[in-house]
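Notes follow the structure.
The values are calculated or read from the model by the stated rules, or taken from the named source; none is laboratory data. The structure presented is a predicted model; accordingly, all values stated were derived computationally and were not measured. Positions of Cβ are generated from backbone atoms using ideal geometry, with glycine treated the same way; all protein chains shown enter the neighbour counts.
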Amino acid sequence: MHHNEEECECTGDCAENGECNCDNDESCCEENGASECDCSGVGDCCCNNEIQVNYPAPWFSLEGIEKEKVAEYCLADYRGKWLILYFYPLDFTFVCPTEVTEFAKRLKEFDKLNTKILGCSTDSVHSHKAWLKELGELGYPLLSDMTHEVSRRYRVLLEDKGIAQRGLFIIDPEGELRYQVVHDIDVGRNVDEVLRVLEALQHGGLCQVGWKPGDKTISEK
């Protein structure tokens, strides 16, 4: 998906109140890597790098690769769909390929739930391209956060190593962050649990511990 070409404008209250450097122009957006994209999905302000469930997901606009084609991907591209954005430490490692390929194997299950997947690391797109020759096509893009800005914005960056922890974020069709989990880099994530949580969020209601599709929620009993 290519990013949309709308003018970037900060619409946050902080800009109106003079509490940030946005001044409702493009300078702040450009500094945050979102020039030429619609910053309305950033939150109260495109300068706001805080992350919290039930608040707008932090903005991103990154170069990525899918099927050997390099393109720009940004948050606004996924309005109207659910989005799984997950970070992993490095290409050509040991745990990472087990996660990356498992998401690929389960892609049809996510498609049925109107959900797109994006993987992201601090590697270059050239590293991704070489790695994908080893892994095979995934069916979803791998993004490159070489500047570390997005990993930092999502609070998963290990500053001393320059790599991302295993953070995973579920963003709803309105751009709101609905779920986040961060693993130690030595422990892979469970795709079954990601699907369970996604389906619970889409189902709505009070979903008790261990809820799975087909179960009644507390509010339905």
If I filter segment 196-217 for residues that are surrounded by fewer than 11 Cβ atoms within 10 Å (Cβ to Cβ), at pLDDT 95 or above and in a loop (DSSP other than H, G, I, E, B), do I get at least one hit?
no
Kindly evaluate D184 against the criterion of being loosely packed, with under 11 Cβ neighbours inside 10 Å and closer than 24 Å to E99 by Cα.
yes
Output for segment 53-78, where each listed residue is out of contact with any strand residue (DSSP E or B) (no Cβ under 7 Å at 6 or more places or on another chain) and either buried (at least 16 other Cβ atoms within 10 Å of the Cβ) or not assigned by TED's automatic domain parsing to the domain that holds D145 (or both):
P58, W59, E66, L75, A76, D77
Criterion: buried (at least 20 other Cβ atoms within 10 Å of the Cβ), within 23 Å of D184 (Cβ to Cβ) and in the same structural domain as K161 (by TED's automatic domain parsing) - qualifying residue of T122, T115:
T122
